[in-house]
Amino acid sequence: KVVLSVQNISKTYEMSGNRVAALKTVSFDLYQGEMLAIMGTSGSGKSTLLNILGALDKPNDGVISLNGTVSDNMFTEPHATIYRGDNIGFVFQSYHLLKDLSVEDNIALPLILKGEEEEEISNKVKGMMDIVGLSDWKNHRPVQLSGGQQQRVAIARAIITSPPIVLADEPTGNLDYNTSTDILGVLVNMKEKFAQSIIIVTHDPYVSTYADRVLFFHDGEIVDTYTCKKDASDM
Ligand code: ADP
Ligand code: ADP
C-alpha cells in the first residue's frame, strides 16, 4: 500500500539573484511499513525533500498524495499544521528535547497539546517508555541522559501520537556505532509493531543497511535506487 506518492516535485531557492535547483522533478512512492533511506552527498537535496514531506517547506512544482488523495492546500496554514499533526512524526539529529521537562513529560507533550485526557496520556506514555526502554528514567531531565537515551526520548515523542509517517534526519548522526545500532533497532521495532513508514536521511552506509530501500540523491535528482530486504512493491 502506497502511503505517500511524490510526483515530479521541484524546488528552487533564490539567493541574492542566484537560482539553486535543490530538487528537480523528484518522484517516488513510500509504502506502508517501509523504512526508506535517503542518501546522497551534502547539498543533494535531502533536507529540502524532508522539509517538503513534512510540509515545513513548499515545492515550486509537483504534487504529493497521501493515501491516494492530493490535498490542494497541504502547504498552506492551517492545513499544513493539521497535516503534520495527523500524519508526521519528526526525529532530528540533535534531539530537540525540552530541557526543563522530565523524560515522561517530554514524551507526553504531543498528547497534552492534542488535549487528550490525563489518564489516557499516562497510560500511553507508560507503554511507550517500556517500548523504548526508559521506564527507569522517567523523572530524569534530558541533560542527565546519554545521547542514545535522549534519542530514544525523541523517537518516543515523535511516535506517541501514532503518526503513519516518521521523518528522521540523521537520527544517529551524533551517536557512536553501538548506540546507533541500538537506535536503529528501536526504529525497526516500531515499524514492525505499528506498520509505520519511516524515511531516514543519512550519510552513513551502515544506517542504510537497516532500510528496505535506499534512494540515492545527487544534485536534486534520484540517481539510483537499491532495494535491500524485500520487494517493496509487495508492501
Ligand atoms: P542536503 O540536505 O542533501 O545537504 P539541502 O536540501 O540542504 O541538501 O540543499 C540542497 C541545495 O539547496 C543546496 O545547494 C543548498 O545550498 C540549497 N539550499 C537549501 N536550503 C536553502 C535555502 N533556505 N536557501 C537557499 N538555498 C538553499
Ligand atoms: P499498551 O499501552 O497496552 O502498552 P501498546 O503496546 O499497543 O499498548 O502501545 C504502547 C504505546 O505505543 C502506547 O503509548 C501507544 O500510544 C503507542 N502506540 C500505539 N499504537 C501506535 C502506533 N500505530 N504508532 C506509534 N505508537 C503507537
Count of region 33-59 residues which are within 16 Å of the chain's Cα centre (by Cα) and in a loop (DSSP other than H, G, I, E, B): 7
When every residue in region 98-109 that is under 20 Å from the mean Cα position of the chain (by Cα) and open to solvent by 30 Å² or more (accessible area, probe 1.4 Å) is compared, the one nearest to ligand 2 (Cβ to nearest atom) is LEU109
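For THR69, indicate whether it is more than 19 Å from the chain's Cα centre (by Cα), away from ligand 1 (no atom under 16 Å from the Cβ) and open to solvent by 20 Å² or more (accessible area, probe 1.4 Å). Working first, answer last.
On the way: more than 19 Å from the chain's Cα centre (by Cα): yes; away from ligand 1 (no atom under 16 Å from the Cβ): yes; open to solvent by 20 Å² or more (accessible area, probe 1.4 Å): yes.
Criteria met by THR69.
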Can you tell me which residue is farthest from ligand 1 (Cβ to nearest atom) among those in region 174-215 that are touching an Asp or Glu at 6+ places or on another chain (Cβ under 9 Å) and open to solvent by 40 Å² or more (accessible area, probe 1.4 Å)? ASP204
Pick out the one residue from ASN106, ASN178 that is free of Cβ contacts under 8 Å to residues at least 12 places away in the same chain and either assigned to a helix (DSSP H, G or I) or at positive phi (or both). ASN178
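Here's a check for you: in region 72-97, which residue that is outside any loop (DSSP other than H, G, I, E, B) and open to solvent by 60 Å² or more (accessible area, probe 1.4 Å) is farthest from ALA156 (Cα to Cα)?
Result: HIS79.
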Qualifying position, being assigned to a helix (DSSP H, G or I), more than 16 Å from ligand 1 (Cβ to nearest atom) and open to solvent by 30 Å² or more (accessible area, probe 1.4 Å), among VAL143, VAL125: VAL143
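Among the residues of region 147-182, write down those that are acidic (Asp, Glu) and touching a Gly at 6+ places or on another chain (Cβ under 7 Å).
Initial filter on region 147-182 (acidic (Asp, Glu)): 169-170, 176, 182.
Hit for region 147-182 is ASP182, nothing else.
The values are calculated or read from the model by the stated rules, or taken from the named source; none is laboratory data. None of the values given here were measured: they were computed from a predicted structure. Because the Cβ atoms are built from the backbone with ideal geometry, glycine has one as well, and the counts that use them run over all protein chains shown. Please note that ligands, DNA and RNA were not included when accessible areas were found on the heavy atoms of the full protein model with its side chains. Shrake-Rupley method; radii C 1.70, N 1.55, O 1.52, S 1.80 Å.
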